[in-house]
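Written below as structure tokens is the structure these notes are about.
The values are calculated or read from the model by the stated rules, or taken from the named source; none is laboratory data. None of these values were measured; they are calculated from a predicted model. Cβ sites come from the backbone with ideal geometry, for glycine too, and all protein chains shown count toward neighbours.
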């Protein structure tokens, strides 16, 4: 068995809510071990009060950054420096950035150039350039437990599970899924789900969670446009585009 990835989670506490941290850590557990957990912000500021309560329970290290100049985001600079130090240390296999700030897009591109994946987490207000640069990118509202969902009318709510009709109307989604299955399939048209998932993660910021599904396989089957088959005593899921039936 291959070693699990060592992941560095860097949090921009100025631009993302604390309510989803549990969900973020649970999601990252699918990819590896979160060996570095740094939360950046000015901890003298009252707005970070909610984050303070989350630090010790989740072994997150607070990184103090004073706002030396009014109007300048010192947290961004400190977080970028932190990321580069970790990158050059050679002790990290992947990065996870929890922020809704598009200013980190160049950082993501730099990390990708070094051959390391970047998992993005941010609120629905996150600008598209940052979303597109990560793989995958998950909206944090979809990772918040019901008990943590803000009651404010202006607060973004978790996405509802998309119906079959809704999924079928999403031409970009269907193109992505069909292309992934085609590129990952054998001569018989069947593709192992792990290969389909890997192809998608290598080519887009897509995450089934943003459509209301915990697993990619669940979303694909919900479209009812693909045949599915369990093999190897129920341990392997294979997918085939129904249009490719003999």
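Can we say residue 115 is more than 22 Å from the chain's Cα centre (by Cα) and without any contact (Cβ under 8 Å) to a residue 24 or more places away in the chain?
Values: more than 22 Å from the chain's Cα centre (by Cα): no; without any contact (Cβ under 8 Å) to a residue 24 or more places away in the chain: yes.
Against the criterion (more than 22 Å from the chain's Cα centre (by Cα) and without any contact (Cβ under 8 Å) to a residue 24 or more places away in the chain), residue 115 does not qualify.
Only one of (1) within 21 Å of the chain's Cα centre (by Cα); (2) more than 17 Å from residue 137 (Cα to Cα); (3) part of a loop (DSSP other than H, G, I, E, B) fails for residue 44. Which number is that?
(1)
Can you pull out the residues in the range 205-242 that are more than 26 Å from the chain's Cα centre (by Cα) and free of Cβ contacts under 8 Å to residues at least 40 places away in the same chain?
227, 229, 230, 231, 232, 233, 234, 242
Quickly run through the range 72-112 and pick out the residues that are free of Cβ contacts under 8 Å to residues at least 24 places away in the same chain and under 22 Å from residue 18 (Cα atoms).
Of everything in the range 72-112, just one residue is free of Cβ contacts under 8 Å to residues at least 24 places away in the same chain and under 22 Å from residue 18 (Cα atoms), namely 77.
Scan the range 49-61 and report the pairs whose first residue is touching a residue at least 12 places away in the same chain (Cβ under 8 Å) and in the same structural domain as residue 23 (by TED's automatic domain parsing) and whose second residue is surrounded by 10 or more Cβ atoms within 10 Å (Cβ to Cβ) and part of a helix (DSSP H, G or I), with Cβ atoms within less than 7 Å and a gap of 6+ or a chain change.
Qualifying pairs under 7 Å: 50/18; 51/18; 54/18; 54/21; 58/21; 58/25; 60/54.
Say whether the condition of being over 23 Å from residue 138 (Cα atoms) and surrounded by 14 or more Cβ atoms within 10 Å (Cβ to Cβ) is met by at least one residue in the range 24-40. Show your work before the answer.
Restricting attention to the range 24-40, the residues satisfying the condition of being over 23 Å from residue 138 (Cα atoms) are none.
The answer is no; no qualifying residue exists.
Say whether the condition of being farther than 22 Å from residue 45 by Cα and surrounded by fewer than 19 Cβ atoms within 10 Å (Cβ to Cβ) is met by at least one residue in the range 66-81. Steps first, please.
Within the range 66-81, the first condition is being farther than 22 Å from residue 45 by Cα, and the residues that meet it are none.
Within the range 66-81, none of the residues are farther than 22 Å from residue 45 by Cα and surrounded by fewer than 19 Cβ atoms within 10 Å (Cβ to Cβ).
Considering the range 6-32 alone, what residues qualify as being in a strand (DSSP E or B) and under 21 Å from residue 80 (Cα atoms)?
Narrowing the range 6-32 to residues in a strand (DSSP E or B): 6-12, 32.
Scanning the range 6-32 gives 6, 7, 8, 9, 10, 11, 12.
Restricting the range 170-208 to residues that are assigned to a loop (DSSP other than H, G, I, E, B) and touching a helix residue (DSSP H, G or I) at 6+ places or on another chain (Cβ under 8 Å), which is surrounded by the fewest Cβ atoms within 10 Å (Cβ to Cβ)?
204
Select from the range 87-112 the residues that are exposed (fewer than 15 other Cβ atoms within 10 Å of the Cβ) and either under 14 Å from residue 38 (Cβ atoms) or not assigned by TED's automatic domain parsing to the domain that holds residue 77 (or both) and list them in ascending order.
89, 91 - these are the residues of the range 87-112 that are exposed (fewer than 15 other Cβ atoms within 10 Å of the Cβ) and either under 14 Å from residue 38 (Cβ atoms) or not assigned by TED's automatic domain parsing to the domain that holds residue 77 (or both).
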